[in-house]
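The values are calculated or read from the model by the stated rules, or taken from the named source; none is laboratory data. Not measured: the values here are computed from a predicted model. Cβ atoms come from the backbone with ideal geometry, glycine included; neighbour counts cover every protein chain shown. Ligands, DNA and RNA are excluded from the accessible area calculation, which covers all protein heavy atoms including side chains. Shrake-Rupley method; radii C 1.70, N 1.55, O 1.52, S 1.80 Å.
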Amino acid sequence: MNAPSKPKHAASAHETGTTKMNMIQAINSAMDVMLGRDPNVLIYGEDVGYFGGVFNATEGLQKKYGLNRCFDAPIAEAGLIGTAVGMGAYGLRPCVEIQFADYIYPGYDQIVSEAARLRYRSAGDFWCPLTIRTPYGGGIFGGQTHSQSPEALFTHVAGLKVLIPSTPYDAKGLLTPWQKIEDNNVPNGHYVVPLGKARIARPGNEVTVLAYGTMVHVAVASAEQAGVDAEVIDLRTLVPVDIDAIVTSVKKTGRCVVVHEATRTSGFGAELIALIQEHCFYHLEAPIERVTGWDTPYPHAFEWEYFPGPARVGAALKRVMEA
């Protein structure tokens, strides 16, 4: 999920019904619910305990559940994820936070070689059900070490599920193992958003836009500004991906634009384009357009030139309509 601003407290705190929440409040609520439901759930990471996390996503959880359920970890991502693999295999349900997605690389080997393959390697005797949560992308002027989008590195690994919510409702519903009211009206208790089920963020008939995370909102705004009747599909999960929703939409519109913030080369958009070519080739009326970040480190001074904003997405929509 894209790096958000620090939250204010949620508008209300009823045990039933819904509450208007921002992304961080919804994530905090999800972890609160699961800590309360399952004593095997625990949360740890850099500054997530007493401090409540750099974006306050774990605010108040240590005070409520104690030092053994929500605690700080050393600045050592390989150790953080490695211990989570062991805890998961032992029967616990760790949810670990990597402070920024850019910091996940030291723990990449533990994710790929251990967490993703343990069930396969042990012929089903062991598995490690763990959740790794991290903010990604730009918008905070974090530059090359706080704004990367490495999601494609994980979609390539068999054994992992990759989730990128674009709304508070989905953030809570996908984070808890949790149907649609309003995007920021979040049920206070436990509910489920199924993996591998995309949603239509904006219905349309002229062109399909595939996006996830913050790019969903950019795509909707771009369609409105460009005056194009675009159907925006919020993928929600990249692995598993909802190929049925993609095919249904592209066959209806005959055109497609893929949008993501990550660098262009080998980004997840390339996989989406390949899937569309395989399933929808004879329905396409124009070449598929792709709007992405550039093949450079995320620049600090030129953040908004790198960011795939409404102007770039709108131009792609017009190109595909005129082709």
**Asked** Computed over the Cα atoms, what is the radius of gyration of segment 80-206 divided by 2.2 N^0.38 Å, N being its residue count?
**Response** 1.18
**Asked** Which value, in debye to the nearest 20, gives the size of the charge dipole of segment 165-323 about its Cα centre, when Lys and Arg are +1 and Asp and Glu are -1 at the Cβ?
**Response** 200 debye
**Asked** Under a point-charge model restricted to the Cβ atoms of Lys and Arg (+1) and Asp and Glu (-1), what is the dipole moment magnitude of the chain relative to its Cα centre, in debye to the nearest 20?
**Response** 580 debye
**Prompt:** If you average the sequence gap of Cα pairs under 8 Å that are 6 or more apart and divide by the length of segment 229-296, what percent do you get for the contact order?
**Reply:** 40 percent
**Prompt:** With point charges of +1 on the Cβ of Lys and Arg and -1 on the Cβ of Asp and Glu, referenced to the Cα centre of the chain, which listed residue (107, 239, 275) lies farthest in the positive direction of the dipole?
**Reply:** 239
**Request:** Counting only heavy atoms of the protein chains, get the accessible area per residue of segment 195-256 (1.4 Å probe) and round it to a whole Å² value.
**Result:** 34 Å²
**Message:** Rounded, prolate or oblate for segment 61-138? Axes are the square roots of the Cα gyration tensor eigenvalues, ordered a ≥ b ≥ c, and the cut-off for rounded is a/c under 1.5.
**Reply:** oblate
**Message:** Quick check: at a probe of 1.4 Å, how many percent of the accessible area of segment 98-250 sits on carbon and sulfur atoms?
**Reply:** 54 percent
**Message:** Need one number: nm distance between label points at residue 278 and residue 144, each 7 Å from Cα along Cα→Cβ, rounded to one decimal.
**Reply:** 3.5 nm
**Complete:** Ranking 296, 134, 58 from most to least accessible area with a 1.4 Å probe gives 296, 134, 58
**Fill in**
So, relative contact order of segment 188-235 in percent, Cα under 8 Å, 6 or more apart, is 51 percent
**Message:** About the Cα centre, and with charges only on the beta carbon of Lys, Arg (+1) and Asp, Glu (-1), how big is the dipole of segment 64-139? Nearest 20 debye, please.
**Reply:** 340 debye
**Asked** So for segment 179-323, taking the charge dipole from beta-carbon charges (+1 Lys/Arg, -1 Asp/Glu), which of 304, 209, 284 sits furthest toward the positive end?
**Response** 284
**Shape call, segment 278-321: gyration tensor on alpha carbons, a/c limit 1.5** = oblate
**Message:** Please list 3J(HN,Hα) in residue order for segment 92-104, calculated via the Karplus relation 6.51 cos²θ - 1.76 cosθ + 1.60 where θ = phi - 60°; whole Hz, with x for glycine and proline.
**Reply:** 7, 10, x, 10, 9, 10, 9, 3, 9, 4, 4, 8, 7
**Asked** Using alpha-carbon positions, what is the distance between the centroids of segment 302-323 and segment 236-265, in Å?
**Response** 17 Å
